[in-house]
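Notes follow once the structure below has been shown.
The values are calculated or read from the model by the stated rules, or taken from the named source; none is laboratory data. Since this is a predicted model, take the numbers as computed values, not measurements. Because the Cβ atoms are built from the backbone with ideal geometry, glycine has one as well, and the counts that use them run over all protein chains shown. The protein model used for the area step is the full one, side chains on, heavy atoms only, and it has no ligands, DNA or RNA in it. Shrake-Rupley method; radii C 1.70, N 1.55, O 1.52, S 1.80 Å.
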Amino acid sequence: MTWSNYGGNIVVKPKRIEQPTTLQQLIDIVRNAEAHGLTVRGFGDGHSFSSVAVTDDVMVRTHSYASPLPLPPMRNLAGNPRLVNVEAGITLAQLIRHLRSLKTPLALPNMGSYTGQALIGAITTGTHGSGLTLGPIAEMVRSVLIVASGGRVFRIEPSNGITDPAVPETGVTLVQNDDWFHSVVVSMGCMGLVHSLVIEGIPDYELFEDRRLGRWTEARSMIDVDHAIFSRFRHQEILVNPYSTDGAPKVLVTARRTRTTEALSPQPTRDSPWLAIANVAQELVGIGLQSHIVNHPTQIPGLLDSGLSALRGTFCSHYDGVLTLGLGGIDGYANEIAVPFEQTATAVDIIIETLNKLRVPKNWRTYVTSPFSLRFVAASAHYLAPQYGRPTCMIELPFMSLPDIGVTEESVLILNHIQRRLQTTCDARMHWGLEFDALTAEQVRTMYPRWQTWCEVLLALDPRGTFRNSWTRRVIEPLLQHTGGTITA
Ligand SMILES: Cc1cc2nc3c(=O)[nH]c(=O)nc-3n(C[C@H](O)[C@H](O)[C@H](O)COP(=O)(O)OP(=O)(O)OC[C@H]3O[C@@H](n4cnc5c(N)ncnc54)[C@H](O)[C@@H]3O)c2cc1C
């Protein structure tokens, strides 16, 4: 049996792929695996490019449990009608539809540009959208039900959590403790199999979006001089073409705010950046995108500029129609680097300089085939979220995946090189899913001030190493040697 991720860069042959539908089946899977000395790993939609979601032993398809559930017994149910309990494998798209179908329609407070991920898959790697007043998706979690090693079931919440301790759930240990909660929410599958999550939605909303073309020098001074400009909008993103056609790299600045009086756009979604670039290639030269890129690499800079131009304008729709960019039928891959907000300009300068230095005019494989994006995100409270403790600029460096070629070696070398440079110069952290297995435990130790507490919680939930894999061997397990294993709930 072979499993591969969406990018096709991670291929494993697990002994089994389980498809549980109930909590009891999750418990049985963990106990049975442990009885046979096997490891277990949950996976969502396979949309991570790192090997964070795999094991050679027992993989668990989280999408197989994806339904809404009743809320757990709460301290004050009437007090918060925006709480919703769902099984962890529901996709973001299904969750958006479910929230909108409620008697009083609700919405996700924030989301990324894609909705195919499992809810837990997105939450547990620190997946995010943009907004300096909005954290990553993980910030909407209020309660986590997880099956830990030994088949033990824990409901984990902050110390003032929503569940009423006076009304115990059968077979569930309630832990209301900030350290546990802020460790388990972003825990990359390392602490057990998450069964369900209580999230807090907000009333359904629509967004108005304005996209303007400019130059990196202008955007740079805006970031440097007036941070307040950014905070005035609900969402702020910038696409940067690293290659200039006239001496000054171009950018597309996107600002979004809640719709007031604007008319809704006739169509519910609009072009993705890649579709815009593909359309431009078709219009400009009458040939497909792939042959244009492969045969005329020196035209890539102009192609990216034209793609940015094509995306100018305004758009108004339901929040998910505005925030979902889709792929436009073109596959791609990326790494994503989290730098402190105030390091944004320095990091972008380094990326532009590096990409221009590394490109070889006749070799398309040495060019990035997409503008890179800057998304500004509020600080997260979760200890291993890439946005932990600081307003963050998430820098995504995407490549189009050309048919029959997929992830190229050259692109991974480029991505890893930039990753290392920003780690040493800009205090950068990595998105746990958008990374090509270059991360080490030593880097994690220096990036995350609360790593030790996180490791203590990991050891409490998984003392036997049931949820370890090749990824944890490199990124997490060396840290455990420096951990006391003394934390209690
Ligand atoms: C096309 C595309 C668009 C993307 N857009 C964005 C974006 O806009 N913003 C952004 O930040 N990221 C984005 N990403 C990255 C993506 O959101 C993350 O990599 C995410 O983790 C993938 O979710 P998944 O459901 O595919 O989970 P997987 O990649 O399969 O797994 C991710 C993690 O979840 C864990 N997991 C799965 N199920 C369980 C469970 N039941 N219990 C415990 N742990 C579990 C896995 O072990 C693994 O550690 C994108 C990726 C792609 C390919």
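Of all residues in the range 245-270, those being in contact with a helix residue (DSSP H, G or I) (Cβ under 7 Å, 6 or more places away or on another chain) and at pLDDT below 80 number 2. For the range 186-200, the condition of being under 17 Å from residue 311 (Cβ atoms) and within 16 Å of the ligand (Cβ to nearest atom) holds for none of the residues.
Among the residues making up the range 428-448, those that are open to solvent by 10 Å² or more (accessible area, probe 1.4 Å) and of a type in the set (Ser, Thr, Tyr) are 440, 446. Among the residues in the range 120-128, are any under 25 Å from residue 173 (Cα atoms), part of a loop (DSSP other than H, G, I, E, B) and of a type outside the set (Lys, Arg)? Looking for residues that are under 25 Å from residue 173 (Cα atoms), part of a loop (DSSP other than H, G, I, E, B) and of a type outside the set (Lys, Arg), one finds at least one in the range 120-128, hence yes. Within the range 309-366, the only residue that satisfies the criterion of being more than 27 Å from residue 248 (Cβ to Cβ), aromatic (Phe, Trp, Tyr) and assigned to a strand (DSSP E or B) is 333.
Of all residues in the range 155-167, at least one satisfies being closer than 30 Å to residue 471 by Cβ and among the basic types (Lys, Arg).
The residue that is least open to solvent (accessible area, probe 1.4 Å), counting only those in the range 1-51 that are over 22 Å from the mean Cα position of the chain (by Cα) and of a type in the set (Lys, Arg), is 16.
So if I check each of 413, 397, 461, which one is open to solvent by less than 10 Å² (accessible area, probe 1.4 Å) and not assigned by TED's automatic domain parsing to the domain that holds residue 189? Give the derivation first.
On the way: 413 fails: open to solvent by less than 10 Å² (accessible area, probe 1.4 Å); 461 fails: not assigned by TED's automatic domain parsing to the domain that holds residue 189.
Within the list 413, 397, 461, the selection yields 397.
Only one of these is closer than 20 Å to residue 20 by Cβ and surrounded by fewer than 19 Cβ atoms within 10 Å (Cβ to Cβ): 121, 89, 150, 79. Name it. Reasoning before the result, please.
Working: 121 fails: surrounded by fewer than 19 Cβ atoms within 10 Å (Cβ to Cβ); 89 fails: surrounded by fewer than 19 Cβ atoms within 10 Å (Cβ to Cβ); 79 fails: closer than 20 Å to residue 20 by Cβ.
Matching residue, one of 121, 89, 150, 79: 150.
At least 2 residues being surrounded by fewer than 16 Cβ atoms within 10 Å (Cβ to Cβ) is the threshold, and among the helices (runs of 4 or more DSSP H) wholly inside the range 153-258 those reaching it are 216-225, 227-231.
For every residue, the table says whether it meets (1) modelled with pLDDT of 95 or more; (2) of a type outside the set (Gly, Ala, Ser).
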{"position": "130", "(1), (2)": "no, no"}
{"position": "133", "(1), (2)": "no, yes"}
{"position": "140", "(1), (2)": "yes, yes"}
{"position": "157", "(1), (2)": "yes, yes"}
{"position": "173", "(1), (2)": "yes, yes"}
